[in-house]
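What follows is one structure encoded as structure tokens, with my remarks underneath.
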């Protein structure tokens, strides 16, 4: 078989040629196998094979008893300030150092020694990449809730200091047996992550500060729904059902300066002025008095009494409406003129209050007046 169709043993063990179907039904153990092999190949061009993965659940004392000062002890930083633990034995550590310094992994066993800060720095690219790929493989699975978001942190000198840093909670401990460079060295990686995930931490773990930040973020991400009501008119049902394309619904000019902003409960929370900005309909918030009456029983007089509408176009003033009559029709502006949706940009009359700053296009002058004849489309 030719070289173009047959993968070498080294390539197969490094993960080459795997299809997307192999990620189906992903488990944490399978994700670790794939992530470690891929990270070693991508970052170090090292053929790494995971020989075995065992998973257990331990508490903090049980985790500390598993570790020793001879290991390279690393903190893994997770979401919401949570911490995990990573640990490499001297054989796995030596293989990572040798492939970066000498370009190959020596077949002789490494001499036992204490890990240093330099060892930690040289392991960061591999472990950081492995954690990133591990998270990607678990996207959409239930394990994503507790395994996602961890990144390479800092080295801890000994187990005693590690116990002072991590929380007293349960951990998922993975013991991973590694074969590197076709058996040149065999070592072990330990990975411990909070069993319930960092997003489930109780309020007040960090003196209440983390909980306050979480609450603030949740509030800032929430949405407030407002409805802008230009005008409400009562019409016979027969007239409404007889509407057809091209019919006009007259709206009084005074409604332009008294657009009601209503909340989801129907209560008026603000008053705005209707205009046009950059070819789009726009509202400028004013400081008119707000009524506590729900929108269903609101009379326009309650709003217009505190927000006096200014004339918007020469020759058009407020026209008093007889009781029980429909508002008079205002002549339509000629259509097809450049600017927005066929409406000419006309300067809006000066407002009593200066425009608010920091609200984008709404706060920019000038705003053009809008015609008040609405067509039924």
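Some values worked out for this structure:
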quantity	calculated
Of all residues in region 38-57 being in contact with a helix residue (DSSP H, G or I) (Cβ under 7 Å, 6 or more places away or on another chain) and part of a strand (DSSP E or B), the one that is nearest to residue 94 (Cα to Cα)	48
Any chance residue 183 is closer than 21 Å to residue 38 by Cβ and either modelled with pLDDT under 90 or in a loop (DSSP other than H, G, I, E, B) (or both)	yes
Scope region 139-162; condition more than 15 Å from residue 194 (Cβ to Cβ) and either assigned to a strand (DSSP E or B) or touching a residue at least 40 places away in the same chain (Cβ under 8 Å) (or both); matching residues	141, 152, 154, 155, 156, 157, 158, 159
Criterion (over 22 Å from residue 133 (Cβ atoms), touching a helix residue (DSSP H, G or I) at 6+ places or on another chain (Cβ under 9 Å), in the same structural domain as residue 150 (by TED's automatic domain parsing) and in contact (Cβ under 8 Å) with a residue 40 or more places away in the chain) met by exactly one of 88, 73	73
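Quick grid of which residues meet (1) more than 32 Å from the chain's Cα centre (by Cα); (2) surrounded by 20 or more Cβ atoms within 10 Å (Cβ to Cβ):
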{"position": "104", "(1), (2)": "yes, no"}
{"position": "117", "(1), (2)": "yes, no"}
{"position": "120", "(1), (2)": "no, yes"}
{"position": "125", "(1), (2)": "no, no"}
{"position": "136", "(1), (2)": "no, no"}
{"position": "152", "(1), (2)": "no, yes"}
{"position": "168", "(1), (2)": "no, no"}
{"position": "172", "(1), (2)": "no, yes"}
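The values are calculated or read from the model by the stated rules, or taken from the named source; none is laboratory data. Given the structure is predicted, the values throughout are model-derived calculations rather than measurements. A quick note on method: Cβ atoms are made from the backbone with ideal geometry, for glycine too, and the neighbour counts reach across all protein chains shown.
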